[in-house]
1. Go through the range 87-100 and give me each residue that's in contact with a helix residue (DSSP H, G or I) (Cβ under 6 Å, 6 or more places away or on another chain) and modelled with pLDDT under 95.
2. Please pick out the residue among 84, 126 that is in contact with a helix residue (DSSP H, G or I) (Cβ under 7 Å, 6 or more places away or on another chain) and either assigned to a loop (DSSP other than H, G, I, E, B) or surrounded by fewer than 18 Cβ atoms within 10 Å (Cβ to Cβ) (or both).
3. Taking the range 131-181 as the region of interest, how many residues are touching a helix residue (DSSP H, G or I) at 6+ places or on another chain (Cβ under 7 Å), without any contact (Cβ under 8 Å) to a residue 12 or more places away in the chain and closer than 20 Å to residue 48 by Cα?
4. Criterion first (modelled with pLDDT of 90 or more and under 20 Å from residue 14 (Cβ atoms)) does residue 108 satisfy it?
5. In the list 134, 99, which residue meets the criterion of being surrounded by 14 or more Cβ atoms within 10 Å (Cβ to Cβ) and assigned to a helix (DSSP H, G or I)?
6. Going by what's in this entry, would residue 48 be described as part of a loop (DSSP other than H, G, I, E, B), touching a helix residue (DSSP H, G or I) at 6+ places or on another chain (Cβ under 7 Å), closer than 22 Å to residue 131 by Cβ and modelled with pLDDT under 95?
7. Return yes or no: is residue 69 touching a residue at least 60 places away in the same chain (Cβ under 8 Å) and within 28 Å of residue 175 (Cα to Cα)?
8. Do you know which residues across the range 137-157 are more than 15 Å from residue 176 (Cα to Cα) and surrounded by 14 or more Cβ atoms within 10 Å (Cβ to Cβ)?
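The values are calculated or read from the model by the stated rules, or taken from the named source; none is laboratory data. On a predicted model such as this, the values are computed, not experimentally measured, just so you know. Neighbour counts are summed over all protein chains in view; Cβ atoms, including those assigned to glycine, are modelled from backbone coordinates with ideal geometry.
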């Protein structure tokens, strides 16, 4: 697949838009990334998309690295650069511009109300992301039951224990590596 300057610019601008919607972190914008990269542009397929995120989440380092892996797998090094710059620049610039105001007004009713209102939105986006990443495995009959068991076990472990999510990701990776899912 051949990419031109217009494709990289489009990718950068789309990820800029997603950056401004990334309440709760870039992972909450995975449905938008999926829609763009898989459904609209067909630069990745569903399994490749999920594998890109899984690979990045299993690697040490910042959570946001999955964006670079998606860009790399869709359009090579320049795709990684376009996606990372797009997801990082707008939200970072906005937070730098607002940081002193937020610090000075942290107890203001409007800021507390905004924060409280973002909680259900963030949780909904996280659930959507989880579902989107599970669908490729749920659609394969030999993986469906194992996937559901793994999802339920992970949710129960997250709610009932104080285990770090990193251990849950590692356990899920081991289950997949051993061929159970």
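1. Taking the range 87-100 as the starting set, the residues that turn out to be in contact with a helix residue (DSSP H, G or I) (Cβ under 6 Å, 6 or more places away or on another chain) are 87, 90-91.
Once the filter is applied, which keeps residues that are in contact with a helix residue (DSSP H, G or I) (Cβ under 6 Å, 6 or more places away or on another chain) and modelled with pLDDT under 95, the range 87-100 yields only 91.
2. Working: 84 fails: either assigned to a loop (DSSP other than H, G, I, E, B) or surrounded by fewer than 18 Cβ atoms within 10 Å (Cβ to Cβ) (or both).
The conditions single out 126.
3. Here the count works out to 2.
4. Working: modelled with pLDDT of 90 or more: yes; under 20 Å from residue 14 (Cβ atoms): no.
The answer is no for residue 108.
5. Details: 99 fails: surrounded by 14 or more Cβ atoms within 10 Å (Cβ to Cβ).
Only one candidate qualifies: 134.
6. Details: part of a loop (DSSP other than H, G, I, E, B): no; touching a helix residue (DSSP H, G or I) at 6+ places or on another chain (Cβ under 7 Å): yes; closer than 22 Å to residue 131 by Cβ: yes; modelled with pLDDT under 95: yes.
Criteria not met by residue 48.
7. Values: touching a residue at least 60 places away in the same chain (Cβ under 8 Å): no; within 28 Å of residue 175 (Cα to Cα): yes.
In short, no.
8. 157
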